[in-house]
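Following: one structure in structure tokens, then a few remarks.
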Amino acid sequence: MKFHYKFQNLLGTVYRRGDILFTGDGNCVISPVGNKITVYNLKQNKSNTLSFESYYNYTAIDVSPNGSTLLAVNEKGEAQMISLLTCTVIHKYKFKQQVNAVKFSPDGKYFAACCDDIVFIMTAPCIFTGEFRSFVMKRVFKKARDEVTCLDWSPCSKLLAVGSKDTTTKIYTIDYLDNLSMYSLSGHTDKIVGVFFEKKSLDLITVSRNGQVCLWEANIDMDDLVVSDVQISHRKKRKMVKDEESEDEVDEKAVIEKDKEYESDNEPDATEKEIKTEDVQRLLYKKLGRHYIGDEIRKAHHKVKLTAAQYHRDTKMLVTGFSTGIFFLHEMPDVNLIHTLSISEHRISSIAISSPGDWIAFGCPNIGQLLVWEWQSEQYVMKQQGHSLDMTCLAYSLDGLYIVTGGYDGKVKVWNTSNGFCFVTFSEHKSTVTSITFSANKKFFVSASLDGTVRCYDLTRYRNFRTLTSPSLVQFSCVALDSSSELCAAGGQDVFEIFLWSIKFGKLLDVLGGHEAPVSCVTFSPTLASSRLVSASWDKTIRIWNAIESSADCETIQLTSDGLQVAFRPDGEEIAVSTLDGNITLFNPTTGDQTGSIEGRNDLGSGRAETDLITPDKMLKTKAFTTICYSADGSCILGGGNSKHVCLYSAKESILIKKFVITQNRSLDAVNDFINRRLMTEFGNMALVEERGDLEGGDVNVRLPGVKEGDMADRRVKPEVI
């Protein structure tokens, strides 16, 4: 079909929150990006975002040992079993509470998930037998006194070590073993951040938030656990045979013969016979030592916390990350410092080590940063970072190779659409970037900002080659280039004028005045024969200027509401104007006559935020198209606004052709059409109650009143769809 568009890739963000991990071959990094999952191929330098999505942001993920299955859990406890071969969701399960960590067993038969103070052990699908057992409960443990934070499997897949906020580490068993029911390790003075088993051993390493690292030695080997397991399975099989023959006459001779046959198959030498007849030695742990990591950092900054830890069994490497963006690399068990590096000034929330042990991945959620570092050569394999604050504008290059984005953080990023990576970042702007446009010759692009500058960037040398300013400080809200890429126009937000520069000489040519409110949009005619400039303003008018003439005469067209966006048809014979009342009006720029009108307010939908006190019908009156554009042939108009929908209209017939849903992420606000009735109590809407939560590092999230853009408080965690 002509308009059968499908999701292809996700650009602009590389990481937000949750676990990051390497694939089995160590060539790819899997990162949760909101309610989607992105796979970064480090060998081929490509990124691919999987097409499926969850209703909430992903927080915990893990890959099966054979690399074919991905288990992903969102912040509401909804788990998805995903096939990495077909990139489809196989099965879903609801834990009904937030899951802090998930982990597959080394043999791939089970996976463990910890929710609050409960640990679930479930069977995993097995591709060798062809049997799919989805989320079948094996065992449930509820022994922790506080929230469980981390877990790890023993190499034999018989034991599970679980760390929690009650400063203890507990050892659980998958089967009912004689020499162990449950074991608890104490000695830390803060919550456990990581627990790790040694290779081919039951020895443990535990790491707490205050930097303590404890080494634990087990008194028995993994083989002793296997022998005990043989005893238990022998007892189960004998009971099963007797239960099967209990209904009929019990043949005692057959039972004895089967027992003897089973015992003969599992008695290789006299040593195991003695173990079976005598009591099996109980599992005990001995603390070998306690070490402190990051004492020098905590002396300078007492609020510094150890926020992430990861251990590589083959190379015996321990990597720890802190709330200040510093990480340490230690060699175990002597805890020798190999390297330390500061990758940012923000918290490191997740660490992953590739299977060969040469690459280390770090995730920083506050700034959306994802790094892959090679510790032997001390070089970055991948260094990607999205906008630390929300994006405000973007522009597509005419050849479709690049996308340029601007945000509230003042940065301009250029993304490659073929591989999905950001390859250059410009940080010359000192305030919010409001508008970006590409030149017709594809050699440069222009950005406008509230800092009072319009900057031109070269796509060949990747530099800011021209800075355009006004005689007095003006906050620019929009920018446009003419078809010859020689003239640049920018509209003011606080000064209601349009400034016209020459790109070649960088001089201000003219100042066009006449608007009585902020200028919301300016655009040039796309044809070379015309130098027509159209501007829209909040004063309910659009003005058509001749940019070549120095005269300030213009043609004024009255609108029904405030003008938000103006777009030229590719042939330059028609313009479309979106207004605040949700309509799109079509005009002939030569005569100024209206040629059509589209009423699109009802098509945008009325998503309701949790803190809204008005009904969806009233909210619908505030919807409008904030950005519109024509298709390449000029037959269709694409519009989007403060809604999760993007609407496609026929320009000639003024009817809706198709409506696209951009996201189903309910972690964003104003996605649902109705608010959660559980929040409506006798005391009012509980979503309006201020919540404060402790962050890593001792800071406190305080919601700033009335601030939505650039807010460093809770609203950045749940932004509104705009």
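The values are calculated or read from the model by the stated rules, or taken from the named source; none is laboratory data. Values in this document were obtained by computation on a predicted structure and should not be read as measured data. Methodologically, a virtual Cβ is constructed for each residue, glycine included, from the backbone with ideal geometry; neighbour enumeration extends over all protein chains shown.
Take SER447 and decide whether it is in contact (Cβ under 8 Å) with a residue 40 or more places away in the chain and either in contact with a Ser or Thr (Cβ under 8 Å, 6 or more places away or on another chain) or crowded, with 22+ Cβ neighbours inside 10 Å (or both). The answer is yes for SER447.
Kindly indicate whether any position in the stretch 182-194 is more than 22 Å from ALA60 (Cα to Cα), surrounded by 16 or more Cβ atoms within 10 Å (Cβ to Cβ) and at pLDDT below 85.
Yes, some residue in the stretch 182-194 is more than 22 Å from ALA60 (Cα to Cα), surrounded by 16 or more Cβ atoms within 10 Å (Cβ to Cβ) and at pLDDT below 85.
Evaluate the stretch 604-611: report whether one residue or more is out of contact with any Cys (no Cβ under 9 Å at 6 or more places or on another chain) and free of Cβ contacts under 8 Å to residues at least 12 places away in the same chain.
Within the stretch 604-611, not a single residue is out of contact with any Cys (no Cβ under 9 Å at 6 or more places or on another chain) and free of Cβ contacts under 8 Å to residues at least 12 places away in the same chain.
Which count do you get for residues in the stretch 344-358 that are modelled with pLDDT of 90 or more, of a type outside the set (D, E, K, R), crowded, with 17+ Cβ neighbours inside 10 Å and part of a loop (DSSP other than H, G, I, E, B)? Full working, then the answer.
Pass one, the stretch 344-358, residues modelled with pLDDT of 90 or more: 347-358.
Subsequent filtering for residues that are of a type outside the set (D, E, K, R) retains 348-357.
Remaining after also requiring crowded, with 17+ Cβ neighbours inside 10 Å: 348-354.
Subset that is part of a loop (DSSP other than H, G, I, E, B): 348-349, 354.
Of the residues in that region, 3 qualify.
Looking at the stretch 632-646, which of the residues that are of a type in the set (Gly, Ala, Ser) and not in a strand (DSSP E or B) is modelled with the lowest pLDDT? It would help to see each step written out before you state the result.
First pass over the stretch 632-646, keeping only residues of a type in the set (Gly, Ala, Ser): 632, 634-635, 639-641, 643.
Those still in the list that are not in a strand (DSSP E or B) too: 632, 634-635, 643.
Details: ALA632: 89, GLY634: 90, SER635: 91, SER643: 84.
Here the answer is SER643.
The residue list GLN558, GLN565, GLN594 contains one member that is free of Cβ contacts under 8 Å to residues at least 12 places away in the same chain and of a type outside the set (Phe, Trp, Tyr), which is GLN594.
Within the stretch 480-496, can one find any residue that is without any contact (Cβ under 8 Å) to a residue 12 or more places away in the chain and assigned to a strand (DSSP E or B)?
No, the stretch 480-496 has no match at all.
For PHE505, the conditions (1) free of Cβ contacts under 8 Å to residues at least 40 places away in the same chain; (2) among the aromatic types (Phe, Trp, Tyr); (3) in contact with a Phe, Trp or Tyr (Cβ under 8 Å, 6 or more places away or on another chain) are fulfilled apart from (3). In the stretch 579-589, is there at least one residue being more than 40 Å from the chain's Cα centre (by Cα), in the same structural domain as THR434 (by TED's automatic domain parsing) and outside any loop (DSSP other than H, G, I, E, B)? No; the residues of the stretch 579-589 include none that is more than 40 Å from the chain's Cα centre (by Cα), in the same structural domain as THR434 (by TED's automatic domain parsing) and outside any loop (DSSP other than H, G, I, E, B).
Of the residues that make up the stretch 688-701, is at least one modelled with pLDDT of 65 or more and surrounded by 15 or more Cβ atoms within 10 Å (Cβ to Cβ)? Taking every residue of the stretch 688-701 in turn, none turns out to be modelled with pLDDT of 65 or more and surrounded by 15 or more Cβ atoms within 10 Å (Cβ to Cβ). One residue alone among VAL424, VAL454 is in a strand (DSSP E or B) and buried (at least 18 other Cβ atoms within 10 Å of the Cβ), and that residue is VAL454.
Here are some residues: GLN379, GLN369. Which one is more than 24 Å from GLY67 (Cα to Cα) and free of Cβ contacts under 8 Å to residues at least 12 places away in the same chain? Residue meeting the stated conditions: GLN379. When the residues of the stretch 291-339 are filtered to those that are surrounded by fewer than 14 Cβ atoms within 10 Å (Cβ to Cβ) and closer than 19 Å to LEU204 by Cα, the one that is farthest from the chain's Cα centre (by Cα) is ASP334. Scanning the stretch 374-394 for residues that are among the small types (Gly, Ala, Ser) and surrounded by 18 or more Cβ atoms within 10 Å (Cβ to Cβ), we see that the one that is modelled with the lowest pLDDT is SER388. Annotation: of all residues in the stretch 642-664 being touching a residue at least 60 places away in the same chain (Cβ under 8 Å) and buried (at least 19 other Cβ atoms within 10 Å of the Cβ), the one that is nearest to ALA567 (Cα to Cα) is ALA651. When restricted to residues that are aromatic (Phe, Trp, Tyr), closer than 21 Å to PHE476 by Cα and over 19 Å from the mean Cα position of the chain (by Cα), the stretch 391-417 contains 1.
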